[in-house]
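Comments concern the structure below.
The values are calculated or read from the model by the stated rules, or taken from the named source; none is laboratory data. Since the model is a prediction, treat every value here as computed from it, not as a measurement. Positions of Cβ are generated from backbone atoms using ideal geometry, with glycine treated the same way; all protein chains shown enter the neighbour counts.
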Amino acid sequence: MLIYSTDGNDLELTFEPDYYELRLDLRKKTFEIPALLRGKKNTIITIRDIVEQGQYRGRTKKKILFLASILHETDFFVDIELQHLEDILGLIEEKHHSRLIISCHNNSDCSLRKHLQKIKEMKKISCFFYKFVFYIPEYAHFFVVLQALQKKEIAYCFFTYGHSAFLSRILYKHCGSKAVYFGKKEKETAAEQITEYDVQRYNLLNITAQTRLGGIIGDQKVHYSLGLSYYNQYFQQNNCDAIYIPFPINPIFLGSELYLKEVEDLIQLAYRYPNLFYGFSITSPFKSWFPICLLNAAKKKEQREVKVEFISEQKKIVPSLTQQAVDLRLPHMINLWIPRTNKQLLTDEHAFMKSFHQLEITPKTPIILVGRGAMAKKAIDLLRTNTIYWLNDNDHWEENSTHKKLRRIHEYDPTYDTCLINATPVTRLLDLLRQHQIHHFNKVIDLPYSTQPTEIISYCQNNNLRYVDGYQFWEWQSENQLVEFLQEMRVYDV
């Protein structure tokens, strides 16, 4: 069920929602319903208090009397905060209970114990649904609260603030929520609310609790991944019952054990539902860490098993976790993981090889390599016969010294037939190259992808140099991932 939340000033949508939520606290005249919505019976009237992330600062009694009159005099639904429930119940008849949404918002207190206490103490009545919106910084806590709600056997909507906010909304059917709220872009009525664009991109009009899930695991940048449009467009155009979503890891845990634990919690969830999850892309900074997280999750599964039940009837056909752990063949880094088979790949290697082929890189082509991360190390590994002049801000020389033709950048011997590889996220590179007097190159592989040409790509275009830009590189590795995702879906469907 899709609920369009609005202040009443913009009702134009590209599709018809199931319900409208009219946020009267966002209007100048709080107790006046706009004419456009007066004839719509599927309307929810909400006046959200300032303490529950709304804008209403008036008298509570006046608000409750108004909402009670709405239930008596119209067919509208009413949203009432949990702390005001007893007050409104004393003013309405039992037949009106079915048009109540009982809500509880908390965007500051992240106490798991308090969240669970709220759920435990709530009064159970036959309302339209309960709505809980909590600040939850950890994936594991998200699933613990969800489990508690499922045990109450009530109609509910459960959403979060924090890095799991998007997940809780896009996967509302998988989590058993009765509905999800959405707004217009830049006109959202609540923090972390999804938009009309998100509803269409992730096919929320058509997905079910059995829709296959996959996505990209990384830092907060995963929300801007090119894959979100690329894979979801393909799935919709080819009638694949699947979506591809971002799984961000909370940045507040950076540098602590919790940073990897967050990844391990997601892995354990995928282990538990291996035929629900078709696969994951792995991006910075987890390409090298993810194999370690896989082993840790396998070892700790018995101690930290995620017990939440997704609303899905899918049959499990998966080897034992112990056997999976034994069968692991961990590469130095990966960017693709298929949970059901534990298959792990680095599709960046495929993109590198296509780049070398397109630019006609031979074993004799000198390489200028900028960067020191996972992608730089992969380039070194693939170019074993080439002389590589390595420019990085912190020489990790010893661990790569087995490459017999690896040279420090000050040993660079200028030659025109040289390929420059930018394996950093830096989009402005020319000043660094000038600083090291690097200008003799005629081919470029620039890994950062951008909607506009990066500085080095503009330089190539202006000087007629051959290049592979970040988008082309990304597209080549994504083609390989798509093949793996589709193969996994076909195996399960058969």
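Tally the residues that are at pLDDT 95 or above and out of contact with any helix residue (DSSP H, G or I) (no Cβ under 8 Å at 6 or more places or on another chain), restricting the search to segment 216-236. Counting residues in segment 216-236 that are at pLDDT 95 or above and out of contact with any helix residue (DSSP H, G or I) (no Cβ under 8 Å at 6 or more places or on another chain) gives 3.
Among the criteria (1) aromatic (F, W, Y); (2) farther than 25 Å from T14 by Cα; (3) in contact (Cβ under 8 Å) with a residue 60 or more places away in the chain, the one Y259 does not fulfil is (3). Restricting the search to strands (runs of 3 or more DSSP E) fully inside segment 156-251 and requiring at least 3 residues that are among the aromatic types (F, W, Y) and either free of Cβ contacts under 8 Å to residues at least 40 places away in the same chain or surrounded by fewer than 19 Cβ atoms within 10 Å (Cβ to Cβ) (or both) gives 156-161. Beta carbons closer than 9 Å, at least 6 apart along the sequence or on distinct chains, pair a first residue in segment 1-14 that is in the same structural domain as F182 (by TED's automatic domain parsing) with a second that is modelled with pLDDT of 90 or more and polar (S, T, N, Q) for M1/S177; S5/T46; S5/T189; S5/Q193; T6/T189; D7/T189; T14/Q200. Entry remark, segment 446-494: residues being among the hydroxyl-bearing types (S, T, Y), touching a helix residue (DSSP H, G or I) at 6+ places or on another chain (Cβ under 9 Å) and under 22 Å from F356 (Cα atoms) number 6 in total. In the list A351, A379, A374, which residue meets the criterion of being over 16 Å from D417 (Cβ atoms), surrounded by 20 or more Cβ atoms within 10 Å (Cβ to Cβ) and in contact with a Gly (Cβ under 9 Å, 6 or more places away or on another chain)? From the options A351, A379, A374, the qualifying one is A379.
Yes or no, residue by residue, for (1) assigned to a helix (DSSP H, G or I); (2) surrounded by fewer than 18 Cβ atoms within 10 Å (Cβ to Cβ); (3) under 37 Å from the mean Cα position of the chain (by Cα):
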residue	(1), (2), (3)
G54	no, no, yes
K62	yes, yes, no
L65	yes, yes, no
Q83	yes, yes, yes
C104	no, no, yes
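Only a single criterion out of (1) in a loop (DSSP other than H, G, I, E, B); (2) modelled with pLDDT of 95 or more is not satisfied by T415, namely (2). Restricting segment 1-45 to residues that are of a type in the set (A, V, I, L, M) and in a strand (DSSP E or B) leaves a set whose member that is surrounded by the most Cβ atoms within 10 Å (Cβ to Cβ) is L22.
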